[in-house]
Amino acid sequence: MSMLIIVARLVIVSITKFGTGNTETNQVKWRKVQRRAYPMQAETPSNSRNIKKLQTREHILDCARKLFFEKGFEDTTTREIAEVAGIASGTLFAHFSDKHELLVATLHHNIEEVLAGAYSSLDRHAPAVDQFLHIITGLYQFYLQNRPLSRVLLQNGLFHSGDQKSMLDEQIQAFITFVSQLIQHAQQTGEISNNLDHRLIAENFMAAYFYCLIGGIRDKTISATQLVEKLRLMLTQQLSS
């Protein structure tokens, strides 16, 4: 077995809690993730001091996102982000512990937008693999369009401590729950064998997704379309074996 897919499987296992999940818990998980990602939208504190703090945080993220996409991660400094945001460096570090945490938070916002668009255009009557690949296509396109930032995110984001690490873990866990429900529905309709554990299939789907993603980020000649087709072949073989 490829070392990359072993690593991908270990990442998924380390994140998941091995629960079966249901629609209600899936929605709760997504609301929790959204509250952390978009506190201004999810919370309406009456205290003006708290509002100002949240506004400052969002402003820092906007400035960091602009600089990261324009200059890259390595060439952007926290001092520069603070200067563009018009704040002291100490204020920036009061909201984010370091530059890596800033990157995780900024890209998390973009990933949520990609997922929202994919879910809104999802054909719920399509085969399970097609539905999964529909969601994944947008993610692959985003990651490969921003390979340098994506590389840093994968290297640090999944193993970063603090709220940003928890945010990513919950995002992945919620997505695994969604895929698990997708598999369960496919089993009920006879599309996928009932002899297979739906949760394990979902985790294997995600491991295959990360395996292809890592390969795509490392190899600049691979397109998102090629990754999707490779993933389709892997998933089809998984289900038929």
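What to note about this one:
- Long-range Cα-Cα pairs in the range 82-152 (distance over 16 Å), rounded percent: 60
- Taking the empirical scaling 2.2 N^0.38 Å for compact globular proteins as reference, the range 53-93 has a Cα radius of gyration ratio of 1.05.
- Cα centroid of the range 197-217 to Cα centroid of the range 71-87, whole Å: 34
- Potential extension, Gln141-Ser89 segment - 0.36 nm per residue separation minus Cα distance: 15.3 nm
- Kirkwood Rh (inverse of mean 1/r, distinct Cα pairs), the range 167-241, angstrom: 13.3
- Quotient of C-alpha Rg and 2.2 N^0.38 Å, computed over the range 82-241: 1.17
- Here the spin labels are modelled as points 7 Å beyond Cα on the Cα-Cβ line, and at Asp98 and Gln237 they lie 3.8 nm apart.
- Aspartates and glutamates whose Cα lies under 12 Å from that of Lys99, excluding same-chain neighbours fewer than 8 positions away: Glu74, Asp75, Glu80
Here, each number is a calculation from the coordinates, and none is a lab measurement. Bear in mind that the values here come from a model prediction, so they are computed numbers and not experimental data. Cβ atoms come from the backbone with ideal geometry, glycine included; neighbour counts cover every protein chain shown.
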